[in-house]
Amino acid sequence: MNLSIVVPIYNVESYLEACLSSIEPILSNENVELILVNDGSKDGSEDICYKYIDKISNNKQQTTNNKQQTTNNKQQTTNNKQQTTNNKHRTPNIKYIYQDNQGLSEARNTGIKNSNGKYIVFIDSDDFINCQVLLDFLSKDDIDMPDVFFLNAVKYDKGSVSYFGEDYQPEKILNQSKVEVLKGLCRFRKFPGSAWNKIIKRELIIREKLFFEKGIYSEDIEWSMRLFNAATTFSYLDGCYYYYRQGRKDSITGTVSEKSIKSLLYILEKNAEMEFNRDISSYLYSFLSYEYLVLLFIMTSKNIGCDADIKRRAYHLRFMLLKSNKLIYKLIFPIITLFGVDITGRILKAIRGNV
């Protein structure tokens, strides 16, 4: 098995079919497995998964029987809190796993633990992909395969696509050292910290314990920082691969809340205490500095009242700006020192897009 595709699912019945349909062309390849992790959905997502498995397996009766067994196992899990591994619904290269709702991080972790591929790729169930990019990946020689492949993504909104802020240049990734790769990534307007725009070697994830932290928002950022610190070799796959859906009213990433602010603050504080290798430290601090400015920006949201402790902690983290390799970040340090996080956040909001 060369590739495991992990799709966490939670109440996405309006988008799930499009997601699964985009993956379908690759499932005829025996070196691919699809792991669907239903994180306690209460809408029609489960039925969509079953219908999809019926379609792929061409054995509807067998799948219907297995569905009934899985439904019984699901009820038993709800009542008795049995392990998730007792609730699998399988076809030759599709695993369906139901678990009580534990959040995106644990759904992905379940997928990792049940994967068999040499590489893992994550797809959020409200988005969809260009499957040809993964087919190109599977055609590559197994010799000297890197830890991480970077993938291109675009924003998708009602049929139109727009630039995502990440402009990978193959010459700055292919056959380059880790230092040169991270240096190149620092050119981006935004931190490439999503889990779904990378294919990652499973051995690296297991060895370095690169599981997603439970109970926080922005878990991709926390995970990506550990990934960049641990990985040593990188590559790139050309082509527009990932379509990141915009405009979902119930999307966590599109909503500012007290938990999203506290989660990002926690991630920054956690990474501020880490010991990075000297040769990559300034680049990793550039990634953190970008997210730090995002924090100051969202702290100005009208519907959120940040207390004095949050402001104090955010003010203390300004030192990260001086450790980055970007002059513009270093220039913001004295502004925060003089005017504080409130005024600086409002300034950032006024010049949004220029930092």
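Quick note: the coordinates plus some simple rules give every number you see, no bench work behind them. Please read all numbers here as calculations on a predicted model, not as lab measurements. Reconstructed Cβ throughout: ideal geometry from the backbone, glycine too, with neighbour counts over all protein chains shown.
Worth a mention:
- Cβ-derived FRET efficiency at R0 30 Å, residue 309 paired with residue 351, nearest 0.05: 0.65
- Per-residue Karplus couplings for the range 233-247, computed as 6.51 cos²θ - 1.76 cosθ + 1.60 with θ equal to phi - 60°, are listed in order as 10, 9, 8, 8, 10, 6, x, 6, 9, 10, 10, 8, 6, 9, x Hz, Gly and Pro entered as x.
- Extension gain for the segment residue 140 to residue 258, taken as residue separation times 0.36 nm less the Cα-Cα distance, is 38.0 nm to one decimal.
- Rounded tilt (10° steps) of 60-80 against the dominant C-alpha axis of the chain: 60 degrees
- Cβ-based charge dipole, the chain, positive-most Cα from 15, 350, 92: 350
- Nonlocal amide H pairs with residue 233, under 5 Å, H built at 1.01 Å: 147, 148
- Cα-based helix-to-principal-axis angle, 104-113 vs the chain, degrees rounded to 10: 60 degrees
- For the range 299-355 versus the range 184-237, the inter-centroid distance based on Cα atoms is 25 Å.
- Convex hull volume per residue for the chain, taking Cα atoms only, in Å³: 143 Å³
- Residue 233 sits among other residues whose Cβ lies under 11 Å from its own Cβ, and their net charge, with Lys and Arg +1 and Asp and Glu -1, is 0.
- Mean-square fluctuations from a GNM of the chain, with a 10 angstrom spring cutoff on Cα atoms, peak among 109, 325, 303 at 303.
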